[in-house]
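First up is the structure itself, then whatever we jot down about it.
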Amino acid sequence: GNEIPDCKQGDFTCKAVCSCDSQYSGKDCSLTFEELEAKQDMRMSLLSTLNMVTDTENPSTASVKSWGSTLSSLTQNSDELAYNAFDLVVTISTSVMSQFDTFADLTSTDAAGAVGAIDAGLTTEFATVLTPVSGSGGGRRMRRLQAANVSKVDSALDILKRYVGLVSSELVPG
């Protein structure tokens, strides 16, 4: 977007974003690159563990709710998600959402964690894709969305469609 000096109150098209000094990162520029990388590594480790749990645990209503809640907690700060976390987020969200056909007592509220995680994962994925990189000849260009990324985004859209279907089925007519 365009850089502007200020955002007027009530202008919802304007978004304030910090521009960090070279040695800092994060939404609020409070972390050094080393600190951010350590947080990203920890979240990747925890996501990997959650993925292993969803693969090996016998699902129940309680465990599916727990998976969604844990996934939501692990992804609530998209800054702390590594660029490659989206794969795990989609995989775990798919595991969570696939259980909604099995357990009739799961509701859209129980799915909210998986959907929120997809949002955070997409934020991270597109922040990486849209990062300017130096081009040949000193120019700058944007990274392209690769076929693998498109496939992951398609999977995320499938999860969101499933969520919309779940919410729609819970609507009361009239």
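Remarks
- Of all accessible heavy-atom area on segment 29-127, the percent that carbon and sulfur account for (1.4 Å): 52
- Accessible surface ranking for PHE103, PHE33, PHE12, 1.4 angstrom probe, highest first: PHE12, PHE33, PHE103.
- Distance between segment 1-41 and segment 49-111 - C-alpha centres, whole angstrom: 28
- Of all lysines in the structure, those lying under 17 Å Cα to Cα from LYS15, and not within fewer than 8 positions of it along the same chain, are LYS27.
The values are calculated or read from the model by the stated rules, or taken from the named source; none is laboratory data. Everything numeric here is computed off the predicted structure, so don't read it as measured data. Just the protein is used for accessible areas: all its heavy atoms, side chains included, with ligands, DNA and RNA removed. Shrake-Rupley method; radii C 1.70, N 1.55, O 1.52, S 1.80 Å.
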